[in-house]
Protein chains: 4
Amino acid sequence: MTDAKIPYSLNSKAVAEATRYWLHKRGVTLEEIAELVMLLQKKYYPGLTMEECIHNVEMVLSKREVQNAVLTGIQLDVLAEEGKLFAPLQEMIENDEGLYGVDEILAFSIVNVYGSIGFTNFGYVDKLKPGVLERLNDKTTGQIHTYLDDIVGAVAAAASSRIAHRKQAEIEQKLGLELEPEDVEEAARRSRLEETLPE
Amino acid sequence: MTDAKIPYSLNSKAVAEATRYWLHKRGVTLEEIAELVMLLQKKYYPGLTMEECIHNVEMVLSKREVQNAVLTGIQLDVLAEEGKLFAPLQEMIENDEGLYGVDEILAFSIVNVYGSIGFTNFGYVDKLKPGVLERLNDKTTGQIHTYLDDIVGAVAAAASSRIAHRKQAEIEQKLGLELEPEDVEEAARRSRLEETLPE
Amino acid sequence: MTDAKIPYSLNSKAVAEATRYWLHKRGVTLEEIAELVMLLQKKYYPGLTMEECIHNVEMVLSKREVQNAVLTGIQLDVLAEEGKLFAPLQEMIENDEGLYGVDEILAFSIVNVYGSIGFTNFGYVDKLKPGVLERLNDKTTGQIHTYLDDIVGAVAAAASSRIAHRKQAEIEQKLGLELEPEDVEEAARRSRLEETLPE
Amino acid sequence: MTDAKIPYSLNSKAVAEATRYWLHKRGVTLEEIAELVMLLQKKYYPGLTMEECIHNVEMVLSKREVQNAVLTGIQLDVLAEEGKLFAPLQEMIENDEGLYGVDEILAFSIVNVYGSIGFTNFGYVDKLKPGVLERLNDKTTGQIHTYLDDIVGAVAAAASSRIAHRKQAEIEQKLGLELEPEDVEEAARRSRLEETLPE
């Protein structure tokens, strides 16, 4: 039968692409997230470049755990904007209700990807709402970003944690300390892939 | 103007009632959740009654944090059942994708309400799927309970933690140890309320 | 036999008292924590009093989950101060190592007691280090407060969440909305206790 | 001056080595942890080998977040065994008090390293106590493993999550789906390192 159901199989590439697509469609650029990272980290690493910040944001967004949270949060924002949630969830998300904390919970699953050291940075930007977060919090536009503003702050906090880990690794390398590879297998797998590439 | 927007104000009672309504509508009774609690706790408290289990489930469900997670999770299940989520989130929730963990994240915000001691009980019932959880995991019905099965297990785990705290308090009271009220204010507030009631 | 081991039985009062004792001994007063709460909340509740802030800090500190985290964290600080931890844990805690995040993890178990809405407030005070937190972060004293500064910020954040929940309940009561008691049983138990008191 | 203090600098290699050392010293082998992984995963991946399980345990143990939790937990176990904690923390850890949940909190920071999909596996082994966990829970030995048993279960659960992520990646590669590298930079960095090695 032609309409026999094809067994479900996750397509990780589709999940990654949808994450990029929806962030873009909801008006958030990687550069804007990277600017939050710069704001959080320039004090500690004066030589930090925007390229590094963007790169680290991209690395955070390549994680499945992060993609799941981004997609789920944006989906709830979009449905709230269209008025399609049931009461009183519709009203709580529409009004960014202070006692509704599921947006913070999703944000934390993002921050957690690079460990607890990012908790502080998340709280800080979530409170002060610098840069893109101010725009996402503007309640006069008719757009609903109850989840997205927390998500963007969380991605920036996670990217900051990632930078902290990498900078430490760089320092230790310079000091001639032996490298303790975070993920030797990963590297091995890729070097095998590279071997198969045409020269 | 008659169509002036009434400022949003959270109605906690409506949130509590919607939580009960949606659990019922999705086919889960308090008794079934209480049976999971009994399964988890009877070994430790042989005299535990179903009435106590039901009561503790009700207390868990009276918490705002829990209500928020229950409503958000069921909403996503319902929308997935109606095919109204965007791809590939639709496919991931529809198929209870193993690498999609946002359902576990919401479940954990429920378990957490009575602290980390409930983590173990949650994982245990979520793995073994006893009682109502087996029915919720039946993929042949056309119903989607990707969130609800984790939520129900989490409510049972939280109720188990609550029982552990209460049983300890009972033991200490019998031993004549002074009571360290968990929440003196709460009691005071209620006794004041009661004073104002007509006799 | 006289030296037969008495079976272990938790004494909750002793745990609560040790929590107060150790906070005091490490130089932190409830008033100082309450000042952090005031700083975080006065913007939202202009009529908030220091008495209310202190009371809410006390309520947070009456929770077992909080007491466990406070005692464990202070214990590790004290042992680090005495140089009694094994290497390299000793060095990491002694130097408040940036990539050591177990202090933040304990802090989060405190914040979580009143739900995810406190995450933001925790991060904010943990970053800005106002009031007592500045003193706890002074690395020139020889004292080690790697855990305590996060713990104090977390207690203040949790107390802020508690206030947010209570203030909402007050608003709803004034609006004549029926009360949905957070914990009916608790009230019932206490009113029974009060009945047994001599007049 | 010869006694001038050398500025503190984290040595990641020392942290990694201490983690291995202390697990070994407390009687836990990587093979035993790998056996828990096999128990949890063989149902889903019939061809899974012990080598793969061991490798994944090693990868989990190479993460800083995991090392911090392992070292902190074992330190508290050791101090409790030596009777060096203050009361009543000493008694709570010594007796693996049911209402003391800081051990579970540390365990969760380990599970979280590969996301929320590991929560269930952790709870399951923590409840059933198979293999090495049964030995660690034997209260008749005089040894205290209040933290270590949760830590070992958490490492096994995290390794299981890691396997789930890798197996999915393998399936997608076989299906000819393009690879979305989890961490392109990592691979690039290592391939650069390899270029510098003598042939």
On average, how many beta carbons from a partner chain sit within 10 Å of the beta carbon of a residue in C:73-81?
3
With no solvent and one equal point scatterer placed on each C-alpha of region A:1-123, evaluate the Debye formula and give log10 I(q)/I(0) for q = 0.09, 0.19, 0.20 Å⁻¹, two decimals.
-0.34, -1.18, -1.25
With the label 7 angstrom out along Cα to Cβ, how close does residue C:9 come to the same site in each of the other copies, in nm, nearest first?
5.0, 5.7, 6.3
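Only Lys, Arg, Asp and Glu count, each charged at its Cβ (+1, +1, -1, -1), so figure out the dipole size of region C:1-119 about its Cα centre, rounded to 20 debye.
Details: 10 positive and 18 negative charges, 106 e Å.
In total the dipole reaches around 500 debye.
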So if I restrict to the alpha-carbon atoms in region B:87-178, what is the Rg, and what is Dmax, the biggest pairwise distance, in Å?
16.6, 60
Eligible lysines near residue D:174 by straight Cα distance, threshold 18 Å, same-chain separation 8 or greater
A:13
Between copies, how close do the residue D:44 label points come, placed 7 Å along Cα→Cβ, listed in nm from shortest?
2.7, 3.2, 3.8
Work out the FRET efficiency for residue D:129 and residue A:140 from their Cβ-Cβ distance, taking R0 = 51 Å, and round it to the nearest 0.05.
0.35
How do A:64, B:20 line up, fewest other C-beta atoms within 10 Å first?
B:20, A:64
Residue closest to axis [chain B; rotation mapping onto D; Cβ; Å]:
B:123, 1
GNM flexibility winner over chain B from B:98, B:176, B:118 (Cα, springs under 10 Å)
B:176
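State which helices in chain C qualify, where a helix is a whole DSSP H run, it must extend 24 Å or more along its own axis by its Cα atoms, and its mean Kyte-Doolittle hydropathy must be at least -1.0. Write out the running numbers ahead of the final one.
On the way: long enough: C:64-81 (25 Å, 0.31); C:146-174 (43 Å, -0.23).
Within chain C the helices that satisfy the rule are C:64-81, C:146-174.
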In nm, one decimal, shortest first: how far is the label point of residue C:173 (7 Å from Cα along Cα to beta carbon) from the matching points in the other copies?
2.4, 6.1, 6.3
For chain D, with a Gaussian network of springs between Cα atoms less than 10 Å apart, report the residue from D:105, D:163, D:74 with the top mean-square fluctuation.
D:105
Using the count of nearby Cβ atoms within 10 Å as a rough guide to exposure, how do C:171, C:54, B:144 rank from fewest to most?
C:171, C:54, B:144
So for D:141, B:72, fewest C-beta neighbours within 10 Å to most, what's the order?
D:141, B:72
Long-range tail of P(r) for the protein assembly as shown (Cα pairs > 41 Å, %):
30
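No value in this document is a laboratory result; all are computed from the given coordinates. Only a predicted model underlies this, so the values are computations on that prediction, with no experimental measurement involved. Virtual Cβ from ideal backbone geometry, glycine too; neighbours counted across all protein chains shown.
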